Amino acid sequence: MLSISRGKAHRFCDGMNRRSFLRIGGLGLGGLTLPQLLQGQAQASNGSVSGDAGRKSVIMIFLAGGVSHQDFVDLKPNAASGIRGEFLPIETNVPGIEICELCPNMAKMMDKFAIIRSIVDSDGAHAATQCWSGYRRADAMRLDRPALGSFIAKELGQRHPGVPPFMGLTKTCGHKPWCDVGFSGKLGRAYAPAKPDGEDIELMTLKDVTLDRFNNRRELLTAFDGFRREADNLVLSGADSIYQQAFDVLTSSKLLNALDVNQEPAEVRERYGRGSDKNVDDGPPVWNDQILMCRRLIEAGVRVVTLGFGRWDYHNNNFGQMRARLPLLDQGISALVSDLHERGLADDTTVLICSEFGRTPKINGNAGRDHWPPASCAVMAGGGMTTGQVIGSTTADAGHPDKRPVKYQEIMATLYHNLGLDPKGFVRDDNQLPIKLLSENLSPLHELV
């Protein structure tokens, strides 16, 4: 017979206190437990939606540090030797489009990608903020602006019960603005991204707890809450169903299974490439398993997944470091896009690969390129968009856009459009106050949609 006595600790018979018990299944949400997360998501304005909008999703891959655009998708082979770099351009399967020789997989399927060569309005901050939200980091922090994923979590809610609508996979790294996976701002922590990193993912498992013992803890929680209702006249409105969802998530392990790439056939993992789970200096790792996780999470029901992939801040040995890492990016994103098409997910899943800025036209004395906000690039795929094209161009030294300058908020507007939201519209917070999705009155990129 179980006995629960009053007292400040409120410990169960196995020594675990109630707070620790409720943290089983925590997802790194700034202190939110899984039941709190589910309760917040249940308050989303539209809840689980059906029909076409219910299937839409986004995978956003951030190349932390400012990838060298002129050594990736905007090569300038006719520029002076101190500008053009060491790599040669190669033809792709779309006549007239050339990219770096280190990206042969992308080149073979360029008809499934769209390249933006003329991003013009980087704020120069070494952070993921502008790529996740469209807002300059200083403005986002000052105005408490939510990231795209939080807007989607609030407006559309969950696709499937127990699966967070917004997840960030970036592994925690030394430079914190690079491992920022997006923040919920004015919308509140209930719409923050779940971040299964480090010990957080361990909290999603039952570890050495058997299902029988776990179910016993459920009985203890039920008894404890019943005791509190009697003793303290505490009203826990809707809590029973929320706790039931939390238990269902943990015992079914649907989310944990989605993160377990070992369940994939060996040939699929080899197709994506491996890389390493070790951080690159103070930046995220070049870990191709995480790109595969993105696809698995979308299939599990997550709406928006963000991922920081690698460290691309090459002030020295730019070409040596690009040789080491760009082929892994090429392999990973090519496998992802191919996979989405083969699985019938491409029309409903938009992929964005971008960075916070580009690199200097002039190669410095350490064979590196320095920060260059005036011009940067992005690659997009899926989402039912018109791919197999290049949007914009830069000057002969890749220093400045000379045709079709593109703003980050135009890219965000395209993502919102693909997700079924009006990019010129707003989302109401829990107090019914409107928050605009974007500050500028911009339309999606007409070339793509």
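The values are calculated or read from the model by the stated rules, or taken from the named source; none is laboratory data. Remember, it's a predicted structure, so these values are computed and weren't measured experimentally. A quick note on method: Cβ atoms are made from the backbone with ideal geometry, for glycine too, and the neighbour counts reach across all protein chains shown.
So here's what we get for this one:
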quantity: Answer residue from the range 122-146, given it is within 16 Å of the chain's Cα centre (by Cα) and of a type in the set (S, T, N, Q) and is surrounded by the most Cβ atoms within 10 Å (Cβ to Cβ) among those; calculated: GLN130
quantity: Selection within the range 174-192 - farther than 19 Å from ARG303 by Cβ, in contact with a strand residue (DSSP E or B) (Cβ under 7 Å, 6 or more places away or on another chain) and surrounded by fewer than 21 Cβ atoms within 10 Å (Cβ to Cβ); calculated: HIS175, LYS186
quantity: Selection from the range 293-325 of residues that are touching a strand residue (DSSP E or B) at 6+ places or on another chain (Cβ under 7 Å) and part of a helix (DSSP H, G or I); calculated: CYS294, LEU297, ILE298, ARG325
quantity: Residues satisfying the stated conditions in the range 97-136, i.e. under 12 Å from SER376 (Cβ atoms) and either in a loop (DSSP other than H, G, I, E, B) or acidic (Asp, Glu) (or both); calculated: VAL120, ASP121, SER122, ASP123, GLY124
quantity: Members of the range 79-96 that are surrounded by fewer than 16 Cβ atoms within 10 Å (Cβ to Cβ) and charged (D, E, K, R); calculated: GLU86, GLU91
quantity: Answer residue from the range 420-436, given it is hydrophobic (A, V, I, L, M, F, W, C) and in contact with a helix residue (DSSP H, G or I) (Cβ under 6 Å, 6 or more places away or on another chain) and is surrounded by the fewest Cβ atoms within 10 Å (Cβ to Cβ) among those; calculated: ILE435
quantity: Only listed residue being β-branched (Val, Ile, Thr), assigned by TED's automatic domain parsing to the domain that holds ALA324 and in a loop (DSSP other than H, G, I, E, B), chosen from VAL58, VAL94; calculated: VAL94
quantity: Long-range neighbours under 6 Å by Cβ, at least six apart or interchain, first residue touching a residue at least 12 places away in the same chain (Cβ under 8 Å) within the range 117-129, second part of a loop (DSSP other than H, G, I, E, B) and charged (D, E, K, R); calculated: ARG117/ASP74; SER118/ARG404; ASP121/LYS407; ASP123/ARG136; ALA128/ASP180
quantity: Set GLY162, GLY168, GLY174, GLY149: member being in contact (Cβ under 8 Å) with a residue 60 or more places away in the chain, at positive phi and within 19 Å of the chain's Cα centre (by Cα); calculated: GLY162
quantity: Top-ranked residue of the range 353-377 - restricted to ones that are buried (at least 24 other Cβ atoms within 10 Å of the Cβ) and either aliphatic (A, V, I, L, M) or not assigned by TED's automatic domain parsing to the domain that holds ILE152 (or both), ranked as farthest from ILE99 (Cα to Cα); calculated: ALA375
quantity: Pairs where the first residue, in the range 280-296, is small (Gly, Ala, Ser) and the second is in a loop (DSSP other than H, G, I, E, B), C-beta under 9 Å, 6+ apart; calculated: GLY283/GLY65; GLY283/CYS173; GLY283/GLY174; GLY283/HIS175; GLY283/CYS179; GLY283/TRP312; GLY283/ASP313
quantity: Test set (1) buried (at least 24 other Cβ atoms within 10 Å of the Cβ); (2) of a type in the set (Gly, Ala, Ser); (3) outside any helix (DSSP H, G or I) - GLY332 fails condition number; calculated: (3)
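The rows are residues; the columns are (1) in contact with a strand residue (DSSP E or B) (Cβ under 9 Å, 6 or more places away or on another chain); (2) more than 30 Å from ASN318 (Cα to Cα).
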residue	(1), (2)
ALA335	no, no
THR350	yes, no
ILE353	yes, no
GLU356	yes, no
THR386	yes, yes
GLY399	yes, no
PRO405	yes, no
ASP429	yes, yes
LEU433	no, yes
